[in-house]
Structure formats: C-alpha cells, structure tokens
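What follows is one structure encoded as structure tokens, with my remarks underneath.
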Amino acid sequence: MKILSKTTVFDAKAFTVEKLHVRLPDERERDYSLVRHHDSVTVIPLDAEGNVLLVTQFRMGSETVLLELPAGVMNPGETPLECALREVREETGMAAGKMEHLGSAYLAPGYSSELNHIFLATDLSLSPLQMDDDEFLQTEKIPAAQLPQLAAQGRLQDSKSLAALYLAGDRLQIGITDI
C-alpha cells in the first residue's frame, strides 16, 4: 500500500483527522480516514499490599462511567516515562518510586496512529498533582487478584486496561488465562 496524498480535515487538541488517498496492492486507489492521535500511557499503580489503584470516570465514547487504569495523552516533547510519572500523580495522587515499562500497544490501528505505552508503578507514596480541569475521577483500590474476575464480569471494558493487565499478569500474580 502506498499513500499518495494526505489532507488534514480536522484539527483538535490531542489529534487530527486526515484524509489519505492510497494505492492498494492491486493498483486500485481509495480514500481512508486516519486519526493522527498523540501517543499515550497507561499506568498500573500497585501498592505494597497488592492492590491496584483504578479510576472511574465518564467517557464520551461509551457514554457511561468506566472503571479503568490511570492513563493519559503525552504532551508534545514529553517521553512516555515522564507522562506516566505525571499521570499517576494527577489521577491517583500517588507518586511512583519505581516505574517499569511493560510494553506498548496500538489502541485502534485500523483508523488511529495512537500508541499506548504501558507501565507498572510501584513503591507508591502520596504526592498529588492537580487533575486536568475537565477530569472528574474517583479512585478505587482493588486487590490485584480480583481484576480477572472484574474483567470476566464486564466491569473492566476499556481495551488499554485489559491489554495492560495482560502484560502485567505475572507481576500481579494473575495468570493470563485468568483475564
């Protein structure tokens, strides 16, 4: 596949929408829409007692309140690690003494460029940062061993949280078959 042209049709704070005109492998040409989204992070904050800090918040895409791991969009010039350290403080009020990168995953590669970097945060200590002015979050502390059951019951529905828990399964002492 070859991109023949790109046109920005919408420009927002965290993303743009582009119209791509492409040549397919069989030589036909077609238009596609692509969301060029800033990369993001998801953080699994694990406390000394084996609890994971999750947040609940209303999400426009689902039009409901979702239970999720803390996450956020990277600012221009910010590294994934810097963003993870900032987001865990903003969303949970806890700073991470140790931050381990577990991997990265594209959230919706069929139409979006967003790459999500997943971190395990440990050695937590109280150190809150001001939340973004459009964030209204509640924090929930849940034993890591209960997370597979919450996923199976449909209480954890966002893909970044499910992917992060899959990658962290051995560190959280939950088997990947439990998720």
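The values are calculated or read from the model by the stated rules, or taken from the named source; none is laboratory data. A quick note: this is a predicted structure, and the numbers were derived from the prediction, not measured. All Cβ positions, even for glycine, are placed from backbone atoms using ideal geometry, and neighbour counts span all protein chains on display.
Observations
- So residue 109, is it without any contact (Cβ under 8 Å) to a residue 40 or more places away in the chain, within 23 Å of residue 65 (Cα to Cα) and of a type outside the set (Phe, Trp, Tyr): no
- Residue within region 18-25 that is in a strand (DSSP E or B), among the charged types (D, E, K, R) and in contact with a Leu (Cβ under 7 Å, 6 or more places away or on another chain) present: yes
- Residue list for region 38-80, restricted to those being assigned to a strand (DSSP E or B) and of a type in the set (Ser, Thr, Tyr): 40, 42, 56, 64
- One residue alone among 29, 78, 91, 100 is surrounded by fewer than 18 Cβ atoms within 10 Å (Cβ to Cβ), in the same structural domain as residue 152 (by TED's automatic domain parsing) and in contact with a strand residue (DSSP E or B) (Cβ under 7 Å, 6 or more places away or on another chain), and that residue is 100.
- Qualifying residue in region 132-143 (condition: surrounded by fewer than 20 Cβ atoms within 10 Å (Cβ to Cβ) and free of Cβ contacts under 8 Å to residues at least 24 places away in the same chain): yes
- Looking across region 73-125 at every residue that is over 21 Å from residue 166 (Cα atoms) and of a type in the set (Lys, Arg), the one that is farthest from the chain's Cα centre (by Cα) is identified as 89.
- Residues in region 43-84 that are more than 15 Å from residue 14 (Cβ to Cβ) and polar (S, T, N, Q): 51, 56, 57, 62, 64, 79.
- Some residue of region 104-115 being crowded, with 17+ Cβ neighbours inside 10 Å and closer than 18 Å to residue 49 by Cα: no
- Residue check for residue 40: closer than 24 Å to residue 82 by Cα and either in contact (Cβ under 8 Å) with a residue 24 or more places away in the chain or not assigned by TED's automatic domain parsing to the domain that holds residue 68 (or both): yes
- The selection criterion, being without any contact (Cβ under 8 Å) to a residue 12 or more places away in the chain, farther than 19 Å from residue 164 by Cα and under 15 Å from the mean Cα position of the chain (by Cα), holds for residue 61.
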